[in-house]
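I have placed the structure first, in the form of structure tokens, so that the comments after it can refer back to it.
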Amino acid sequence: MAEEHNIPKTYDPAIVEKKWYQFWEENKFFHAEPDPDKKPFTIVIPPPNITGQLHMGHALDNTLQDILIRWHRMMGDNTVWFPGYDHAGLATQIKVEEEIKKNEGLTRYDLGREEFLKRVWEWKEQYSNRIIDQLKCLGISCDWDRIRFTLDEGCSRAVREVFVALYEKGLIYRGTRITNWCVNCNTALSDIEVEHKDDAGHLWYINYPIIGHEGEYLTIATTRPETIPGDTAVAVNPKDERYGKLVGEKILLPIMNREIPIIADDYVDTEFGTGAVKITPAHDPNDYEMSLRQDLEAIVVIDKDGRMTKEAGPYEGQERYECRKNIVKDLDALGLLVKIEDCPHSVGHCQRCGEPIEALISTQWFVKMEPLLKAATDCVKDGQTKFVPERFTKNYLGWMENMHDWCISRQLWWGHRIPVWYCDDCGAEIASRTDLDKCPKCGGHVHQDEDALDTWFSSALWPFSIMGWPDKTETLKQFLDACMGLPARYTPVILENGQTLFGSPEYTEKRFCFNALIPTPDEVLAIGYDAHDKVSIEDMANVLLGKKTGQLDGYHWNIANWGTKWDIYCDGITLEDTGWTEGCDSVTFDFETAWSPPVAWLQTAIARYPELSFKLHYEETGCCFAGDILGEAGETTDIPYNDDQLRELFDWDDEEDA
């Protein structure tokens with residue numbers, strides 16, 4: 001036999017896979033057109049951000065999707081996997097700004113908006129191509145003829161359509177409210193962009209002199225003495241007998257020497273500190289809500305750059321934490337500092353840069369959530385949408401009922417610029433589906449709003465903007481609309497996360513109509529964490545599930561579904577720390593929550609490490625797993641290798657819990 005026909009002694013995947021993938025692409029094996037005679041099956045890819053390269057989480061995620069796609073394709077379904085990528089507004093802008101600062105020593109303001117955006121588009125071309133190449137190297141079978149980008153012309157048109165339609169319905173408005181603010185990124189943030197971390201903080205006890213009561217003080221406790229210059233009241237609980245006689249009196253605000261009232265409000269926790277709390281409406285969301293009830297003034301003493309304003313008096317211009325040190329020093333010198341206690345508490349940090357978040361009053365754009373939430377909750381309450389398992393219904397409703405208006409504006413240049421123009425002559429505010437060069441009311445000069453939309457505003461439209469909406473395309477008709485009427489767990493539109501989605505007005509009967517579209521309830525997003533509590537995101541080179549056979553290294557998973565999550569892990573320890581040594585065939589894992597560990601995770605781990613005998617240990621009495629009570633506190637349960645036994649152990653049924 002000729003040498004060129006011999007099978008190589010070693011398998012070279014780079015040669016083989018590249019050849020066959022090219023053959024698949026050239027023959028359009030991944031492409032499908034609308035066909036009313038075939039049953040459709042669709043996956044809309046969760047668009048990866050263009051901020052870097054793919055990681056192991058993407059590898060797992062896309063492999064699972066590819067399995068579903070190829071299975072349905074082999075069954076003869078009209079199968080389409082829609083690919084694309086996300087512009088990732090804040091994350092991308094930060095990375096490009098860092099690159100420009102590092103290489104040129106310039107800021108985006110030095111470059112100007114037009115030149116800066118040109119640089120970001122160059123970044124996009126570089127990294128989006130690399131991402132697509134990585135996806136192809138995985139062998140995933142997306143329909144590459146349909147690739148989209150969240151800032152392309154079609155998606156941008158969909159964004160404007162939704163924004164203007166909601167604006168015209170009075171569901172989008174511009175207002176001044178308290179929001180999460182990152183002093184490093186200089187932008188407002190939504191709640192999901194804030195990560196809460198435990199801070200080893202302190203509680204400062206400070207005497208506020210009571211006016212008209214010589215030598216008498218009201219002692220308050222605060223974790224943020226730097227905000228004292230912005231206090232406009234001190235509040236006590238009306239049921240707290242210690243302070244009842246003081247309600248209505250006034251105190252002298254230390255250092256600022258400004259009179260402020262003592263008020264009563266049910267929100268005050270009598271067990272926190274002294275039961276008397278300082279109220280700073282401009283810098284605390286709870287204080288802000290109280291100020292609306294009590295008609296209190298809001299004084300901004302920390303600016304958007306994290307420095308003290310002129311309203312902070314002698315501390316003007318100081319960085320916020322520098323001010324904290326100085327104001328405590330001054331209070332001590334005045335004899336008003338009573339004591340300092342350790343007080344570990346949760347502090348919000350920017351998800352992107354890690355900077356502690358400030359609660360600041362600013363003018364932003366918001367979506368009114370209450371009218372949108374009604375349809376999203378009614379369809380669950382009336383049984384039209386069901387959750388599997390059913391227990392998530394309560395979690396979902398609780399999450400929805402406690403939601404406040406969504407801040408959708410970001411002080412960014414990269415992203416969908418808010419389609420609102422202001423007239424410099426008549427002062428009109430106009431939301432428009434097309435760009436304006438003059439005021440439609442008076443013909444005067446106009447300028448566009450400087451801010452960009454939250455990335456999720458466009459990402460939430462992704463499942464149907466990628467199919468051509470707002471146009472009534474054949475692709476949309478078959479691959480989205482024809483699928484939405486099926487029972488939830490069989491819906492052949494696979495969405496990746498629990499984000500609320502907008503719908504289009506054409507689909508009123510399908511529960512769209514710009515109301516919240518509820519993704520199928522049996523979808524769960526699994527995010528991998530490593531032993532150091534680092535999530536596997538683009539800039540972290542984390543492995544997926546251990547480094548070598550027999551070594552889990554304390555990896556755990558965070559399983560999230562509609563705002564509820566479980567942490568399942570080994571207390572951040574290695575197998576060696578649990579007593580595992582070479583030749584030992586078992587290890588005990590401590591699961592610290594009372595919810596069912598996902599069977600799929602256990603199956604994966606057991607299959608990956610068949611030489612180990614997995615055990616489940618829990619500390620709480622009556623720890624509930626999928627509705628089963630498994631013994632007393634401290635009991636260790638063997639986790640069987642056999643799938644049927646595993647299902648039986650957790651009362652996991654295909655029809656109810658799959």
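Between the alpha-carbon centres of the stretch 275-296 and the stretch 124-175 there is a gap of 40 Å.
Classify the stretch 354-407 as rounded, prolate or oblate, taking a ≥ b ≥ c as the square roots of the eigenvalues of its Cα gyration tensor: rounded when a/c is under 1.5, otherwise prolate if a/b is larger than b/c and oblate if not. Oblate is the answer for the stretch 354-407, as a/c is 1.5 or above yet b/c matches or exceeds a/b.
Taking 0.36 nm per residue of separation and subtracting the Cα-Cα distance, full extension of the segment from K310 to S432 would add 40.1 nm. The share of accessible area on the stretch 133-190 that comes from carbon and sulfur is 43 percent, using a 1.4 angstrom probe.
Whole-Hz Karplus values for the stretch 223-236 come out as 9, 9, x, 5, 8, 3, x, x, 5, 10, 5, 10, 10, 9 Hz, taken residue by residue from phi with 6.51 cos²θ - 1.76 cosθ + 1.60 and θ = phi - 60°; glycine and proline positions read x. Taking the 1.4 Å solvent-accessible surface of the stretch 274-338 as the whole, the part contributed by carbon and sulfur is 44%. Since only L117, I147, Q134 are under comparison, the one whose Cα sits farthest along the positive direction of the charge dipole of the stretch 115-156, derived from C-beta charges on Lys, Arg, Asp and Glu, is Q134. For the stretch 1-124, the solvent-accessible area with a 1.4 angstrom probe is 60 square angstrom per residue. Remark on D454: its backbone amide H falls under 5 Å from those of S409, R410, a criterion applied only to residues 5 or more positions apart or on other chains, H modelled at 1.01 Å from N. Surface composition of the stretch 402-453: carbon plus sulfur atoms contribute 47% of the solvent-accessible area (1.4 Å probe, protein chains only, all chains present). Bridging of K477 to lysines at a Cα separation below 19 Å is possible for K38, K39, K510, once same-chain residues fewer than 8 apart are set aside. The GluC sites (Glu not before Pro) of the stretch 336-405 that DSSP puts in a loop, and whose beta carbon has at most 15 other beta carbons within 10 Å, are E390. With a simple spin-label model that places each label point 7 Å from the Cα along the Cα-to-Cβ direction, the separation between E26 and R242 comes to 8.2 nm. Give me the accessible area of E26, 1.4 Å probe, in Å² rounded to the nearest 10. Surface open to solvent at E26 totals about 120 Å².
In this label model, T63 and N129 are separated by 2.9 nm, measuring between points 7 Å along each Cα→Cβ vector.
Taking amide H as placed 1.01 Å from N in the peptide plane, G201 has its amide H under 5 Å from the amide H of C343, H345, each at least 5 places away in sequence or on another chain. Computed from label points 7 Å out along Cα-Cβ, the spacing between E271 and K472 is 6.0 nm. I'd like the Kirkwood hydrodynamic radius of the stretch 157-229, using the inverse of the mean 1/r over distinct C-alpha pairs, in Å. That comes to 17.4 Å for the stretch 157-229.
Let a ≥ b ≥ c be the square roots of the eigenvalues of the Cα gyration tensor of the stretch 1-158; is it rounded (a/c under 1.5), or, if not, prolate (a/b larger than b/c) or oblate? Note, shape of the stretch 1-158 comes out oblate. Taking 20 Å as the limit for the C-alpha separation, the pairs K95/K118; K374/K394; K124/K197 exceed it in the case of K124/K197. Rounded to whole numbers, the Karplus 3J(HN,Hα) couplings from phi for the stretch 255-271 are 6, 7, 6, 10, 6, 9, x, 9, 10, 10, 8, 5, 5, 5, 8, 5, 8 Hz, using 6.51 cos²θ - 1.76 cosθ + 1.60 with θ = phi - 60°, and x at Gly and Pro.
The values are calculated or read from the model by the stated rules, or taken from the named source; none is laboratory data. Computed from a predicted structure; not experimentally measured. Quick reminder, even Gly has a Cβ in these numbers, built from the backbone with ideal geometry, and neighbours come from all protein chains shown. For the accessible areas, the whole protein counts, side chains as well, though only heavy atoms, and no ligand, DNA or RNA atoms are used. Shrake-Rupley method; radii C 1.70, N 1.55, O 1.52, S 1.80 Å.
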